[in-house]
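K.L.:
Can you read through this structure? Questions will come right after.
The values are calculated or read from the model by the stated rules, or taken from the named source; none is laboratory data. Just so it is clear, the model here is predicted, and its values are computed rather than measured. Glycine also receives a Cβ, built like all others from the backbone with ideal geometry; neighbour counts cover every protein chain displayed.
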Amino acid sequence: MILAIVQARMSSSRLPGKVLKTVLGKPMIQHLLERLSMSKKIDKVVVATSVDAESDPLHDFVKSIGFDVYRGSEEDVLDRFYQAAKKYQPQTVVRITGDSPLLDPAICDGAIGVYEKDKVDYVHTGPTFAEGLDCEVLSFKSLEVAWKESKLKSEREHVTQYLHKHPELFKKITLGNKTDDSKYRFTLDEEEDFIVIKTILEEFARKGKPHFTAEDIKSFLDNRRDIYEINAHIVRNEGLLKSLKEDQVVKK
């Protein structure tokens with residue numbers, strides 16, 4: 001089984017409650033789950049959120065639209081992610097973060113296809129993809145090794161850091177995009193990001209094109225530089241960079 005786990009919680013430091021911010025009558029998490037459900041390769045989608053009471057509304061909403069929810073540690077995201085996966089006993093796990101409401105299911109399917117064809121431990125979209133299209137595919141066995149061995153705070157918070165740091169242990173492929181799209185940003189981390197995503201969703205709804213692709217988004221942003229510029233100044237992967245600076249060994 002190929003299991004997609006979307007990690008999401010309400011207590012974002014930069015944009016609290018972002019996953020339930022609403023556009024076109026739907027919270028961001030619903031936009032994400034609906035797009036992810038269009039994957040042709042993923043068998044099941046589950047949301048992994050925190051046991052913290054602040055995430056109760058997220059849990060309740062996700063359940064109300066028919067998706068499974070697993071609740072685990074607020075800070076030890078790797079443990080939350082691993083325990084969620086373990087419950088379903090998949091062979092393959094797809095990691096999606098809750099800040100990607102405009103992810104492209106075709107890109108995830110492409111990553112899964114490479115993972116299956118090349119029989120590796122881990123495949124992920126590289127930095128030439130736009131921020132907001134991140135998709136990671138790994139074996140459950142590799143996830144289990146990371147869960148057992150990860151000690152640093154960044155490794156517990158960002159799930160796959162241990163795999164990146166130990167190429168001697170894992171067969172890994174970093175997917176390159178056909179064009180360098182690193183300048184584009186449609187992830188959801190800041191208020192400016194929400195403005196951009198809201199504009200994109202409303203634009204394609206107006207056009208009657210709900211199943212738009214990453215290429216469609218790029219084309220729109222190329223033609224609307226005023227929208228592109230709103231969040232272009234934000235540093236990519238700011239959360240990870242901050243976490244690496246603050247690294248400390250987590251005693252289990």
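K.L.:
Here is a list of conditions, (1) within 22 Å of R80 (Cβ to Cβ); (2) touching an Asp or Glu at 6+ places or on another chain (Cβ under 9 Å), and E136 meets all of them except one; can you say which number that is?
P.N.:
Of everything listed in (1) within 22 Å of R80 (Cβ to Cβ); (2) touching an Asp or Glu at 6+ places or on another chain (Cβ under 9 Å), E136 misses just condition (2).
K.L.:
Residues of region 193-218 being surrounded by fewer than 19 Cβ atoms within 10 Å (Cβ to Cβ) and under 18 Å from T97 (Cβ atoms), which ones?
P.N.:
Scanning region 193-218 gives no hits.
K.L.:
Follow-up question, since we're still on this one. Restricting to region 185-210, what's the tally of residues that are touching a helix residue (DSSP H, G or I) at 6+ places or on another chain (Cβ under 8 Å) and farther than 15 Å from L221 by Cβ?
P.N.:
5
K.L.:
What do you reckon, is D52 of a type outside the set (V, I, T), touching a residue at least 24 places away in the same chain (Cβ under 8 Å) and surrounded by fewer than 19 Cβ atoms within 10 Å (Cβ to Cβ)?
P.N.:
yes
K.L.:
I need the full set of residues from region 89-110 which are closer than 30 Å to S13 by Cα and in contact with a strand residue (DSSP E or B) (Cβ under 8 Å, 6 or more places away or on another chain), in order please.
P.N.:
Those that are closer than 30 Å to S13 by Cα and in contact with a strand residue (DSSP E or B) (Cβ under 8 Å, 6 or more places away or on another chain): V93, V94, R95, I96, T97, G98, L103, I107, C108.
K.L.:
If you don't mind, there's one more thing I want to ask. Can you work out which of the residues in region 60-82 that are of a type in the set (G, A, S) and at negative phi is surrounded by the most Cβ atoms within 10 Å (Cβ to Cβ)?
P.N.:
G72
K.L.:
Another one. Of everything in region 178-220, what is among the acidic types (D, E) and closer than 24 Å to D109 by Cβ? Give them in sequence order.
P.N.:
D180, D181, E215, D216
K.L.:
Looking at region 83-130 only, could you name the residues that are of a type in the set (F, W, Y) and crowded, with 20+ Cβ neighbours inside 10 Å?
P.N.:
Of all residues in region 83-130, those of a type in the set (F, W, Y) come to 88, 115, 122, 129.
Across region 83-130, the qualifying residues are Y115, Y122, F129.
K.L.:
While we're on this one: Go through region 1-19 and report how many residues are modelled with pLDDT of 95 or more and either on the phi > 0 side of the Ramachandran plot or surrounded by fewer than 17 Cβ atoms within 10 Å (Cβ to Cβ) (or both).
P.N.:
Here the count works out to 1.
K.L.:
Examine region 216-225 for a residue that is under 18 Å from the mean Cα position of the chain (by Cα), modelled with pLDDT of 95 or more and not basic (K, R), and state whether such a residue exists.
P.N.:
Yes: region 216-225 contains one or more residues that are under 18 Å from the mean Cα position of the chain (by Cα), modelled with pLDDT of 95 or more and not basic (K, R).
K.L.:
So is T125 among the β-branched types (V, I, T) and within 22 Å of H31 (Cα to Cα) or not?
P.N.:
So T125 fits the description; yes.
K.L.:
Please specify each residue of region 11-43 satisfying the condition of being among the polar types (S, T, N, Q) and touching a Phe, Trp or Tyr at 6+ places or on another chain (Cβ under 9 Å).
P.N.:
Across region 11-43, the qualifying residues are Q30, S37.
K.L.:
So which of Y162, Y184 is in contact with a Lys or Arg (Cβ under 7 Å, 6 or more places away or on another chain) and touching a residue at least 12 places away in the same chain (Cβ under 8 Å)?
P.N.:
Only one candidate qualifies: Y184.
K.L.:
Identify the residue in region 38-74 that is in contact with a helix residue (DSSP H, G or I) (Cβ under 7 Å, 6 or more places away or on another chain) and charged (D, E, K, R) and, among all such residues, is nearest to S12 (Cα to Cα).
P.N.:
In this case the residue turns out to be R71.
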